[in-house]
Amino acid sequence: MQAENQRSSPETPWPVRVVSQKIGDWIARLGTVWAEGQVTQISRRPGAAYVFLTLRDPAAEVSVSVVTTRAIVEACEPPLSEGARVVVQAKPDWYAGRGTLSLRASQIRQVGLGELLARLERLKKQLSAEGLFAPERKRRLPFLPHRIGLITGRNSAAMRDVLENATARLPSATFEVREVPVQGATAVPRVLEALAELDADPNVDVIILARGGGSVEDLLPFSDETLCRAVFACRTPVVSAIGHEPDSPLVDHVADVRCSTPTDAGKRVVPDFSEEQQRLLQARHRLRQSLRQKLDRESQGLAAMRSRPCLANPATMVESRQEDVDHQRQRMRRALTATLDRAGRDNHHLRSQLRALSPQATLDRGYAIVQRDDQAVVWSAAEVNPRDSLRVRLAAGELTATVDEVRPADPSTITSHEAAKE
């Protein structure tokens with residue numbers, strides 16, 4: 001008793017019985033609780049008053065033993081079976097002899113379909129409000145995935161449907177398959193483990209979750225909140241192919257692409273090789289046709305340009321311009337000749353006029369020009385005095401004369417020049 005009241009230490013350790021007793025005391029303080037889980041094992045011993053159950057968390061590798069009376073189990077409607085979702089009212093019980101924990105159940109209630117659907121609807125609204133279903137966050141699938149991750153049941157029809165349809169469309173398609181339980185208590189933890197493994201693989205470009213059809217209870221793992229959040233957090237695009245067309249687990253709304261069946265997923269995740277090859281051939285044909293038409297148009301345009309006179313016979317342009325140049329040269333030559341002729345005639349006429357009016361012409365007719373020493377022309381005898389020296393200019397040569405006598409002019413013979421001077 002003294003050891004139970006003092007603190008444990010290396011010098012005064014507690015015996016195992018004391019430790020077990022103290023653990024039992026702490027657990028007893030928890031009192032009665034309500035717990036929900038999935039029944040994974042039922043042990044009924046003939047004639048025994050108690051039934052032993054194993055209750056497992058649907059989303060984690062955690063389980064606990066449940067002890068209850070046979071009457072409580074037999075009172076369940078429908079009959080309690082492995083895989084059923086239940087809510088139990090129980091009190092934690094520590095068995096000190098073996099150091100084990102169990103729940104001593106006083107009530108067991110099976111979770112009905114209506115209640116399951118109501119819970120799923122509340123979870124659906126919650127996840128939608130948080131943006132897990134938002135269309136703008138969904139990613140497009142790669143056109144030609146390098147490697148495809150597939151999470152499906154072991155040797156399931158869903159796996160065969162995906163593999164056969166994908167390889168039929170693209171024979172080179174490669175898969176990284178993870179076979180896991182797709183229903184039951186271990187489904188969610190194993191699917192989460194496979195999902196994390198494939199998402200971490202850099203060679204995996206897309207992940208498919210595939211499962212065949214089943215009841216609402218069978219598809220419950222794919223409506224689990226933990227799985228939905230894990231799919232939302234994946235960096236790799238996720239394709240959901242759970243059940244058939246009417247089935248709609250919550251993971252369908254979270255996934256990037258929802259396929260109605262595993263067969264549809266096998267067709268949508270890879271392109272059809274023959275179809276793409278046909279499209280490629282058609283595109284090459286259209287390209288070849290378009291190129292040929294363009295070449296034909298350009299050839300026709302080039303032929304039309306070459307058929308123009310200036311390109312068909314480039315010398316034609318030079319020859320036509322040469323004729324114009326020759327014609328212009330002839331016109332210029334004729335105009336210049338006419339101009340020179342007119343100028344010659346005008347020059348001859350002017351020379352004739354000048355010759356007629358020239359003093360030399362007057363001299364040539366026998367006249368002479370008399371000038372004083374100051375070069376002034378003598379017009380009248382009154383302009384000189386006796387003994388003045390005069391210069392007489394003849395038609396040919398000059399002579400000098402001295403005035404001996406000055407005879408005044410007869411008034412009747414006064415020239416117009418002298419009149420003008422007077």
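The values are calculated or read from the model by the stated rules, or taken from the named source; none is laboratory data. Model, not experiment: these values are computed from the prediction. Please note: Cβ atoms are built from the backbone with ideal geometry, for glycine as well, and neighbour counts cover all protein chains shown. Each accessible area value is taken on the protein alone, full model and side chains, heavy atoms only, with ligands, DNA and RNA left out. Shrake-Rupley method; radii C 1.70, N 1.55, O 1.52, S 1.80 Å.
Below is a table of values for the structure above.
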read-out	value
Qualifying positions in the range 177-198 - assigned to a helix (DSSP H, G or I) and surrounded by fewer than 18 Cβ atoms within 10 Å (Cβ to Cβ)	E193, A196, E197
Test: residue in the range 66-79 that is surrounded by 11 or more Cβ atoms within 10 Å (Cβ to Cβ), modelled with pLDDT of 90 or more and within 26 Å of V216 (Cα to Cα)	yes
Hits in the range 73-96 (condition: free of Cβ contacts under 8 Å to residues at least 60 places away in the same chain and in contact with a helix residue (DSSP H, G or I) (Cβ under 8 Å, 6 or more places away or on another chain))	L80
Counted residues, the range 231-252 - those being at pLDDT 90 or above and open to solvent by 30 Å² or more (accessible area, probe 1.4 Å)	3
Hey, Q293 farther than 30 Å from S172 by Cβ, among the polar types (S, T, N, Q) and open to solvent by 70 Å² or more (accessible area, probe 1.4 Å) or not	yes
Total residues in the range 44-55, condition crowded, with 17+ Cβ neighbours inside 10 Å and over 21 Å from R98 (Cα atoms)	0
Failed condition for S223, given (1) at pLDDT 90 or above; (2) more than 16 Å from P135 (Cα to Cα)	(1)
Subset tally (residues that are at pLDDT below 85 and small (G, A, S)) for the range 38-47	1
Every pair of residues 6+ apart whose Cβ atoms lie under 7 Å, when the first sits in the range 241-258 and is touching a residue at least 60 places away in the same chain (Cβ under 8 Å) and within 10 Å of L209 (Cβ to Cβ) while the second is among the β-branched types (V, I, T) and open to solvent by 10 Å² or more (accessible area, probe 1.4 Å)	A241/T261
Scan of the range 218-230 for residues that are farther than 16 Å from Q126 by Cβ and open to solvent by less than 10 Å² (accessible area, probe 1.4 Å), ordered by number	F222
Unique match (being surrounded by 11 or more Cβ atoms within 10 Å (Cβ to Cβ) and under 60 Å from the mean Cα position of the chain (by Cα)) among S389, S320	S320
P271 being touching a residue at least 60 places away in the same chain (Cβ under 8 Å), touching a strand residue (DSSP E or B) at 6+ places or on another chain (Cβ under 9 Å) and surrounded by 13 or more Cβ atoms within 10 Å (Cβ to Cβ)	no
Within the range 199-217, considering residues that are among the β-branched types (V, I, T) and open to solvent by less than 30 Å² (accessible area, probe 1.4 Å), the one farthest from K124 (Cα to Cα)	V204
Count of residues meeting criterion [open to solvent by 40 Å² or more (accessible area, probe 1.4 Å) and polar (S, T, N, Q)] in the range 356-377	3
Residues satisfying the stated conditions in the range 128-145, i.e. closer than 20 Å to R229 by Cα and surrounded by 13 or more Cβ atoms within 10 Å (Cβ to Cβ)	S128, L132, F133, K138, R139, L141
Pick from the range 148-176, criterion within 22 Å of F232 (Cβ to Cβ) and either out of contact with any Phe, Trp or Tyr (no Cβ under 7 Å at 6 or more places or on another chain) or assigned to a helix (DSSP H, G or I) (or both), ranking: most open to solvent (accessible area, probe 1.4 Å)	E176
